[in-house]
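*Asks:* Have a look at this one before I ask anything.
Throughout, read-outs are computed from the coordinates displayed, never taken from laboratory work. Just so it is clear, the model here is predicted, and its values are computed rather than measured. Note that we place each Cβ from the backbone using ideal geometry, even for glycine, and neighbour counts take in every protein chain shown.
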Amino acid sequence: MGEVYTSAQVAQRIAVSAGTIRSWKARKPDQLVEGQHWVQQDGQTLWTDAGVAVLQQLATATGSVADPQRSALQDETEALQDRYSPLVDAVADALTSRLLQRIDQRVKGSVQRAIATPMTPAECISVLEDLGIKPADPLALIKGSNIAGLLNETTETGD
């Protein structure tokens, strides 16, 4: 792969902000391909020579050159964003995992409650019809008979 560069190094080299590089990486995945233009290592994005060349083209095409009048506060803010970006990503990943677990638990609980509550025959027919399954004889199903006819009809219509 050759030599790799941090986003801060590339930003300084092509005279754009590190935030601009992060923005391009997120918005232009078709032009900045992982494994070809950049790699992720230890929570940090590292740019290949090919990636630097593409970023330079983007900077030239968009006229995104650094403003010589940039304030020290903007530079400091971007440095902090670069420094804490891996932490923010790690926290987001941890929260996402926990959130998905809670959603799974909530869905499982709802399904268990729904299964524990028996459906009336009329509700059963409504659900079947919502699913596109037409009982052969809905009235017989409501009366609790002709279950075999329902199954035969659904397998025939399902083909």
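*Asks:* Work out how much length Thr60 to Gln9 would gain on full extension: take 0.36 nm times their residue separation and subtract the Cα-Cα distance, in nm to one decimal.
*Replies:* 16.6 nm
*Asks:* Using Cβ counts within 10 Å as a stand-in for footprinting exposure, how do Leu58, Leu99 rank, fewest first?
*Replies:* Lowest count first: Leu99, Leu58.
*Asks:* Would you work out which of Val33, Val10, Gln57 lies farthest towards the positive end of the dipole of region 5-110, given +1 charges on the beta-carbon of Lys and Arg and -1 on that of Asp and Glu, about the Cα centre?
*Replies:* About the Cα centre, the residue reaching furthest to the positive side is Val33.
*Asks:* Karplus couplings for region 123-136 from phi (6.51 cos²θ - 1.76 cosθ + 1.60, θ = phi - 60°), rounded to Hz, Gly and Pro as x?
*Replies:* 5, 4, 5, 4, 5, 4, 5, 4, 7, x, 9, 9, x, 4
*Asks:* So who's got an amide H within less than 5 Å of the one on Thr6, skipping anything under 5 residues away but keeping other chains? H placed 1.01 Å off N, in plane.
*Replies:* Under 5 Å from the amide H of Thr6: Trp47.
*Asks:* Between Tyr84 and Gln44, how many nm apart are label points set 7 Å from Cα along the C-beta direction?
*Replies:* Using points 7 Å along Cα→Cβ, the separation is 1.9 nm.
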